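Undergrad: Questions regarding the structure given below will be posed in turn.
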Protein chains: 2
Amino acid sequence: MSMPSNLAIARDAVLRPLTDVAADMGIGPHLLEPYGRGAAKIDLAAIDELADRPKAKYVVVSAITPTPLGEGKTTTTVGIGQAMAHLGHRATVAIRQPSMGPTFGIKGGAAGGGYSQVVPMEQINLHLTGDMHAVTAAHNQLSAMVDSHLHFGAEPVLDPRSVTWRRVIDVNDRALRNIVIGLGSRADGVVRETGFDITAASEVMALLALADSLPDMRARLGRIVVGSTPDGEPVTAEDLRAAGAMTVILKQAIKPNLMQTLEGTPVLVHAGPFGNIATGNSSVVADRIGIHSGEFLLTEAGFGADMGAERFFNIKCRASGLTPDAAVIVATVRALKAHSGRFTVVAGKPLPPEMVAENPDDVHAGAANLVKQIENIRVHGVSPVVAINAFPGDHASEHDAIRQIAEAAGARVAVSTHVADGGKGGVELAAMVAEAAHEPSSFQMLYPDEASLRDKVSAIATQVYGASGVEYAPAAARQLDRFTELGLGHLPVCIAKTHLSISSDPSLLGAPTGWTLPVREVRASVGAGFIYLICGEMRTMPGLGRNPAAMQVDIDADGEVVGLY
Amino acid sequence: MSMPSNLAIARDAVLRPLTDVAADMGIGPHLLEPYGRGAAKIDLAAIDELADRPKAKYVVVSAITPTPLGEGKTTTTVGIGQAMAHLGHRATVAIRQPSMGPTFGIKGGAAGGGYSQVVPMEQINLHLTGDMHAVTAAHNQLSAMVDSHLHFGAEPVLDPRSVTWRRVIDVNDRALRNIVIGLGSRADGVVRETGFDITAASEVMALLALADSLPDMRARLGRIVVGSTPDGEPVTAEDLRAAGAMTVILKQAIKPNLMQTLEGTPVLVHAGPFGNIATGNSSVVADRIGIHSGEFLLTEAGFGADMGAERFFNIKCRASGLTPDAAVIVATVRALKAHSGRFTVVAGKPLPPEMVAENPDDVHAGAANLVKQIENIRVHGVSPVVAINAFPGDHASEHDAIRQIAEAAGARVAVSTHVADGGKGGVELAAMVAEAAHEPSSFQMLYPDEASLRDKVSAIATQVYGASGVEYAPAAARQLDRFTELGLGHLPVCIAKTHLSISSDPSLLGAPTGWTLPVREVRASVGAGFIYLICGEMRTMPGLGRNPAAMQVDIDADGEVVGLY
């Protein structure tokens, strides 16, 4: 089965005027600012203007624990959105903005695939409306002000060794992970160790995704902690008088971007925080607009249900006040087979041939992960729907195996061929989603604000991850106590662990039990509004491989982009 | 005399629809891509579509050697553009895009001032359409590929100590001037010294300004030299297979941005290369569009006529093939007084009171600089017009003094009050410009392509700067010979020296003679297409002051920007 490339399909798309797309959402042209031919910013006044319209059914799209190849969550989100129209429903899709660095690294673009894509593909994968760049600029403006503060020895005194605020760049650049700055002469700043993270790992990005308005973003920026005084008192962006300038730099970036799918479904593309040290969810403001702009709002949450969906429920919904009506779990034959432990999947490499051969037993052998992720949705009181994302090499018997596993766990389930067939391939799935979303919701967060930080961590570790307990390194325990002392105990927690296992050990497949979550370090994203716990090696700056995607990207004789996937 | 702030004036402006502004230029809506409410990108197909329309009179706006405060060159360019309409002429204005870093540093915005501004002021001074960010991203993509090449030890072998390609960021960040990268573990790259420059200092920016089409930009990017092999052979961006990705990153950035003045005059805002190590001129493609879009095209060249205008004539016009018809030299009372050597002017501080007092003798005492800059225009066969940019505290007797000096040197001259009065304040000046531009042009470059690099440098040093000779440091002489050997002898030269003196010594005022130009180092911007010579301390990364402009910038209760100047 041969299909044109994503770029070729995307380029052939006939785009609807965005004013028409917006009109379907109840959004008038006075609220739109076009950015290039394929995108428009939506003014946040839309939130109030739409407030009296009916609330959409709110559906989060998550997945089983993915292979390093990814299981097509964006594609499925887009596919369901498109399929809803085939059922006569108006749906809005909300996704994260892809990071540009990785586009030129290993993975290529991230706007869905096949006939379930967000278009124009080049625009979403490159600069879009400049939000990533604005986050980079705002973050680095604060960084420069931190070092300027040190250089001039300004008040409050900032201990250079306490500075945790790094710099960011939206390029995969391994050589910037650990650097020494301030070398040269006396006029060239204070010498110290620091480094760059990729922009998606910026607290500014996390905060952009969680702010519910411009003033709220301003306040959150002010609360960012960059380091401490010699006495250990936190020094904030507000203390450095940087938060105003950062807000002004981000004034356009706080507005969600309207795009569309290949079939003209409205798509809100906004923010792109990391899925390990941050929420991995698109923005609260986008969802606050989308929640009144159709009958369904489909929002994507990064990585597996233990990661993106857990944060969606306990961090994002806490910030937005919105309550979900259903959750989709994307499952693939290859991921279930991978969870059998019988195969090794490597990013950028083809699947092993024995994995591609028809064998429903291999699928059944990986069932535990899907079953656990179904439970992880249900523990939040939300109805799960398993979406079998069909791939070209799949066998019907293997789809049936997934169906049996899902049904045995009491979940709705459907096969979807949205990649090959667009919206019409997702109709059965969309019908299941609609049905689940119309059940009465009994959504509940896993823990209340007033629970202790330790209890919050414990709730996630035991109820979602299946750990038997949590073990804190001595420094981590002290940090946790210190954050509680500083009055941050009311914040939700974000557990930074591998996305390749429900546990904190990337080599443990399925649904591991009898293990202990090791907390190495605890940090506070006070501006974003959560405490995060480092459990394992977290890479916040990817590197380029020997032959990165960038080497294939170019323009052709007609000036058209080639080599972007 | 009290005038509202630039921001207040700009915010009160009623903007024309950009499609109307474009229509006045003969540019249809099919060539426009809107970016936000105040700007649109113009497709480069406009160059061909407009080719049959009459050629505009081409006027470069330059200045006498400025004080550290700047003498209002952008303001005058905008003012003349607006004034042309009062005379019944259609004019287009072309300016550089301001760098965002300095907006939050010492100087505030750079979109003109008073009633001669480009609007929306916030948009031009912040992200505009993202071109600066795209230059940053393209530059740093190459940087990451350089370090990845070193990390993997790929072919051709690149000597890490030979790497001259740094990184860039559009933030004033002194601590990044000199850094060590690649620290950490084996996976974190190769340890070496490098640093960040501000984005305006990127060769990618210089190249964006000189490319005459998308394919030409692609070719220039490929020619960028990042370092050399152990044998001293140049290693290029093409060798690293980075130029295609860089081109794709810059695909939108190569399109000029259409904005407008407060009076609705079309303004092409495009590219912003440094004025010392690069041309300090806006883009060739913008001028290629503007040259057929009205009766006059007013294009600004950075710093004094010895700097920006010389590069305009000998580098930019060489790249574009366009020939100028007149040149404006902006002069102010304060700058002439400063050239008397009787006062000290410091950026960010008020003028000394004795300098503000009426004293035409002080103006006459600074005459030499203006006279020399008039000669510097005339040596290129172009008619000079002196624009006296009137400031609130000026005295008529002092304007008369400038008029006498200019007339004695045979130049046209007019006082202009465009800052206080908008276009109608610049009518006398615009009439002079029109008159000068209608004289037959005898434009000639200072040197032919085939002159030796030494002869080119010598021509500028002696004929424009008034030096008696050029002295090369031994290493500089060797570099110059090496570039000639490498076949780069045909390139024009760009002399990187202070902009605060016609000489290379910032403390020498007026029109110094009897001095020797000391060339410390020679570098090649092969992609941009010029050889540049370092004569004195060149700072390519500004720092923030103790109380940078950023500390004043914020949003107010209505979400409007405050504190941006």
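Undergrad: With a 1.4 Å probe and all protein chains kept in place, how do A:Thr462, A:Thr513 rank by accessible area, largest first?
TA: So, going from the largest accessible area down, we get A:Thr513, A:Thr462.
Undergrad: Further question: Sorting B:Met259, B:Met3 by accessible area (1.4 Å probe), largest first, what list results?
TA: Largest accessible area first, the residues go B:Met3, B:Met259.
Undergrad: Right, another one. Using a basic spin-label model with each label point 7 Å from the Cα along Cα→Cβ, how many nm lie between B:Ala408 and B:Glu537?
TA: 3.6 nm
Undergrad: Hey, another quick one. Using a cut-off of 16 Å between alpha-carbon atoms, which aspartates and glutamates can reach B:Lys424, once sequence neighbours fewer than 8 places away in the same chain are excluded?
TA: Of all the aspartates and glutamates, those that pass the test against B:Lys424 - Cα under 16 Å, at least 8 places apart if same chain - are B:Glu263.
Undergrad: Per residue, how large is the accessible surface of the range B:442-556? Use a 1.4 angstrom probe and give square angstrom.
TA: 41 Å²
Undergrad: Per the helix-only calculation at 222 nm, which mean residue ellipticity applies to chain B, given -39500 (n - 2.57) for every DSSP H run of n ≥ 4 and division by its residues, nearest 500 deg cm²/dmol?
TA: After summing the helix terms and dividing by residue count, I get -8500 deg cm²/dmol.
Undergrad: With labels modelled as points extended 7 Å from the Cα through the Cβ direction, what inter-label distance (nm, one decimal) is found for A:Met3 paired with A:Lys424?
TA: 1.5 nm
Undergrad: Which distances, in nm and shortest first, link the A:Pro4 label point to the same label point in every other copy, taking 7 Å along Cα→Cβ?
TA: Copy-to-copy label distances for A:Pro4: 5.2 nm.
Undergrad: Can you give the charge dipole size of the protein assembly as shown about its Cα centre, rounded to the nearest 20 debye, using +1 on the beta carbon of Lys and Arg and -1 on the beta carbon of Asp and Glu?
TA: 1180 debye
Undergrad: Be a star and scan the range B:91-120 for residues whose amide nitrogen sits under 18 Å from the point 7 Å along the Cα-to-Cβ vector of B:Val346.
TA: B:106-107
Undergrad: Just to confirm a number: summing +1 for Lys and Arg and -1 for Asp and Glu over residues other than B:Pro230 whose beta-carbon lies under 11 angstrom from that of B:Pro230, what do you get?
TA: Computed value for this residue: -2.
Undergrad: Still on this structure, please answer the following. So what is the relative contact order for chain A, in percent, with contacts set as C-alpha pairs under 8 Å and at least six apart?
TA: Relative contact order here is 21 percent.
Undergrad: Now for a different question. List the relative contact order of the range B:453-534 as a percent without decimals, with contacts defined as Cα pairs under 8 Å and 6+ residues apart.
TA: Dividing the mean separation by the residue count of the range B:453-534 yields 35 percent.
Undergrad: What FRET efficiency comes out for the pair B:Ser213/B:Thr164, r = Cβ-Cβ distance, R0 = 25 Å, nearest 0.05?
TA: 0.40
Undergrad: Counting Lys and Arg as +1 and Asp and Glu as -1, each charge on the Cβ, what is the dipole of the range A:453-534 about the Cα centre in debye, to the nearest 20?
TA: Its charge dipole is roughly 100 debye.
Undergrad: Now for a different question. Using the alpha carbon gyration tensor of the range A:131-249, what are the three equivalent-ellipsoid semi-axes (square root of 5 times each eigenvalue), largest first, in whole Å?
TA: After scaling each eigenvalue by five and taking roots: 22, 19, 12 Å.
Undergrad: For A:His395, B:His86, give the ranking by accessible area with the largest first, probe 1.4 Å.
TA: B:His86, A:His395
Undergrad: Taking the Cβ of A:Met246 as the center, what net charge do the other residues with Cβ under 12 Å away carry, scoring Lys and Arg +1 and Asp and Glu -1?
TA: +2
Undergrad: With a 1.4 Å probe and all protein chains kept in place, how much accessible area does B:Val427 have, in Å² rounded to the nearest 10?
TA: 40 Å²
Undergrad: What number do you get for the range A:30-181 when its Cα radius of gyration is normalised by 2.2 N^0.38 Å, N = residues?
TA: After normalising by residue count via 2.2 N^0.38 Å, the value is 1.38.
Undergrad: With a 1.4 Å probe and every protein chain left in place, tell me how much accessible area A:Tyr115 has, in Å² to the nearest 10.
TA: Number for this one is 80 Å².
Undergrad: When the accessible area of the range A:131-249 is computed with all protein chains present and a 1.4 Å probe, what percentage of it is carbon and sulfur?
TA: Roughly 51 percent, rounded to a whole number.
Undergrad: Continuing with this model, one more query. When all C-alpha to C-alpha distances in chain A are sorted into bins of 20 Å, what percent of pairs does each bin hold, rounded to whole numbers?
TA: All Cα pairs considered, the percentages come to 22, 57, 20, 1.
Undergrad: Which of the lysines could be linked to A:Lys456 by a straight reach, that is with a Cα gap under 22 Å, when you skip same-chain ones fewer than 8 residues away?
TA: List returned: A:Lys316, A:Lys372, A:Lys497.
Undergrad: What fraction of the DSSP beta bridges in the range B:131-249 is antiparallel, stated in percent and rounded to the nearest 5?
TA: Roughly 65 percent of the beta bridges in the range B:131-249 run antiparallel, per DSSP.
Undergrad: What number comes out for accessible area per residue over the range B:74-184 if the probe is 1.4 Å? Units Å², please.
TA: Roughly 24 Å² per residue, with all protein chains present.
Undergrad: Whose amide H sits under 5 Å from the amide H of A:Val330, counting only residues 5 or more places off or on another chain, with H placed in the peptide plane?
TA: Residues meeting the amide H criterion: A:Ser62, A:Ala63, A:Ile64, A:Ala387.
Undergrad: Oh, and also: Given axes a ≥ b ≥ c from the Cα gyration tensor, I'd like to know whether the protein assembly as shown is rounded (a/c under 1.5), prolate (a/b larger than b/c) or oblate.
TA: Judged from the Cα gyration tensor, the protein assembly as shown comes out prolate (a/c at least 1.5, a/b above b/c).
Undergrad: What is the local net charge at A:Ser116, summed over the other residues whose Cβ is closer than 10 Å to its Cβ (Lys, Arg +1; Asp, Glu -1)?
TA: -2
Undergrad: Then there's this: Find the relative contact order for the range B:131-249 and round it to a whole percent, using C-alpha pairs within less than 8 Å whose residues are 6+ positions apart.
TA: Once normalised by length, the contact order is 32 percent.
Undergrad: Take every DSSP beta bridge with both residues inside the range B:453-534 and express the antiparallel ones as a percent of the total, to the nearest 5.
TA: So the antiparallel bridges amount to about 40 percent of the total.
Undergrad: Select from the range B:531-564 all residues whose loss of accessible area on going from the chain by itself to the full protein assembly reaches 50 Å² or more (probe 1.4 Å).
TA: B:Leu544, B:Arg546, B:Met551, B:Asp554, B:Ile555
Undergrad: Continuing with the same structure: Computed over the Cα atoms of the range B:186-327, what is the ratio Rg over Rh, Rh following Kirkwood?
TA: On the Cα set of the range B:186-327, Rg over Rh gives 1.04.
Undergrad: Distance from the Cα centre of the range B:399-421 to that of the range B:221-237, in angstrom?
TA: The distance from the Cα centre of the range B:399-421 to that of the range B:221-237 comes to 49 Å.
Undergrad: Taking 0.36 nm per intervening residue step and subtracting the Cα-Cα distance, what contour gain separates B:Ser442 from B:His30 on full extension?
TA: Full extension of this stretch gives 144.6 nm more.
Undergrad: Across the range B:453-534, what fraction of all alpha-carbon pairs, as a whole percent, falls in each successive 5 Å bin from zero upward?
TA: Using 5 Å bins, I get a P(r) of 3, 16, 27, 24, 16, 9, 4, 1 for the range B:453-534.
The values are calculated or read from the model by the stated rules, or taken from the named source; none is laboratory data. Only a predicted model underlies this, so the values are computations on that prediction, with no experimental measurement involved. Positions of Cβ are backbone-derived with ideal geometry, glycine not excepted, and every protein chain shown enters the neighbour counts. Just the protein is used for accessible areas: all its heavy atoms, side chains included, with ligands, DNA and RNA removed. Shrake-Rupley method; radii C 1.70, N 1.55, O 1.52, S 1.80 Å.
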